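Engineer: Quick one: the structure is below, questions incoming.
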């Protein structure tokens, strides 16, 4: 079974708006990663946040981690049509990378 | 070169066929992975190879047989598959072998092989 749960399952916004996706996990982690997947293709690593970090930025991406609530969020600012994809959080549990259920983001031009 | 390649892109096979999926990376990574992904679901780990040895088998049926001939190549041999095995099969690699707790490698994914079993 997958460790992470993400919400919303689907998100539709207009270009230029911000998109926020949330992820919850059940067990303690070493780090949490976010990946993007364009329709039917491989996953692309976006950002990794370690368990002792609370916030991390990379370009238009901002990730937060709250280990007390076992949750993380991914914020994409000034979204573009090219950001349309599925976004997955993934946590390291033991030696395994376990993915959340994912959020399907649609950015309308 | 940060690319993981997978062949073929698409594969259609009957339940009595034998076929193989191939994955290749030239990043010097020592861990390689097979995942299975059904439509609108997250990837599920199948196998992990660390330093060319099978480290993790997630209770995958024996009709799926992985092979790691060398540090750059990973194969998945398929035999007597069922229609429910139709899925996107993803290969990934990461820099270090498994290190247990504290393993923090980023995984690099290939584009996948879309498998249809008739």
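Engineer: For segment A:67-81, which residues satisfy the criterion of being at pLDDT below 95 and either loosely packed, with under 14 Cβ neighbours inside 10 Å or within 16 Å of residue A:10 (Cα to Cα) (or both)?
Structural biologist: Of everything in segment A:67-81, those that are at pLDDT below 95 and either loosely packed, with under 14 Cβ neighbours inside 10 Å or within 16 Å of residue A:10 (Cα to Cα) (or both) turn out to be A:68, A:69.
Engineer: As an exercise: evaluate residue A:52 against (1) crowded, with 17+ Cβ neighbours inside 10 Å; (2) within 14 Å of chain B (Cβ to nearest Cβ) and give the number of the one condition it does not meet.
Structural biologist: Going through the list (1) crowded, with 17+ Cβ neighbours inside 10 Å; (2) within 14 Å of chain B (Cβ to nearest Cβ), residue A:52 breaks only (1).
Engineer: Okay, moving on. Among the strands (runs of 3 or more DSSP E) contained in segment B:1-99, which hold 1 or more residues that are out of contact with any strand residue (DSSP E or B) (no Cβ under 8 Å at 6 or more places or on another chain) and farther than 23 Å from residue A:90 by Cα?
Structural biologist: B:64-70
Engineer: Still on this model: Could you tell me which numbered condition residue B:40 fails, if it satisfies all but one of (1) facing chain A (nearest Cβ under 9 Å); (2) at positive phi; (3) surrounded by 14 or more Cβ atoms within 10 Å (Cβ to Cβ)?
Structural biologist: That leaves (3) as the condition not met.
Engineer: For segment A:1-45, give me each residue that is in contact (Cβ under 8 Å) with a residue 12 or more places away in the chain, within 11 Å of chain B (Cβ to nearest Cβ) and either part of a loop (DSSP other than H, G, I, E, B) or out of contact with any strand residue (DSSP E or B) (no Cβ under 9 Å at 6 or more places or on another chain) (or both).
Structural biologist: Once the filter is applied, which keeps residues that are in contact (Cβ under 8 Å) with a residue 12 or more places away in the chain, within 11 Å of chain B (Cβ to nearest Cβ) and either part of a loop (DSSP other than H, G, I, E, B) or out of contact with any strand residue (DSSP E or B) (no Cβ under 9 Å at 6 or more places or on another chain) (or both), segment A:1-45 yields A:2, A:3, A:4, A:9, A:28, A:29, A:30, A:38, A:39.
Engineer: Look at residue B:30 and say whether it is surrounded by fewer than 19 Cβ atoms within 10 Å (Cβ to Cβ) and in contact with a helix residue (DSSP H, G or I) (Cβ under 9 Å, 6 or more places away or on another chain).
Structural biologist: no
Engineer: Still on this structure, please answer the following. Given the conditions (1) at pLDDT below 90; (2) surrounded by fewer than 18 Cβ atoms within 10 Å (Cβ to Cβ), and given that residue A:29 satisfies all but one, which numbered condition is not satisfied?
Structural biologist: (2)
Engineer: From the list A:77, A:84, exactly one residue is away from chain B (no Cβ under 14 Å) and more than 16 Å from residue A:43 (Cβ to Cβ). Which is it?
Structural biologist: Only one candidate passes the filter, namely A:77.
Engineer: Please specify each residue of segment B:7-37 satisfying the condition of being within 14 Å of the chain's Cα centre (by Cα) and closer than 26 Å to residue A:105 by Cα.
Structural biologist: B:9, B:34, B:35, B:36, B:37
The values are calculated or read from the model by the stated rules, or taken from the named source; none is laboratory data. Bear in mind the structure is a predicted one, so any value in this text is a computation, not a measurement. Don't worry about glycine lacking a Cβ; one is built from the backbone with ideal geometry, like all the others, and counts go over all protein chains shown.
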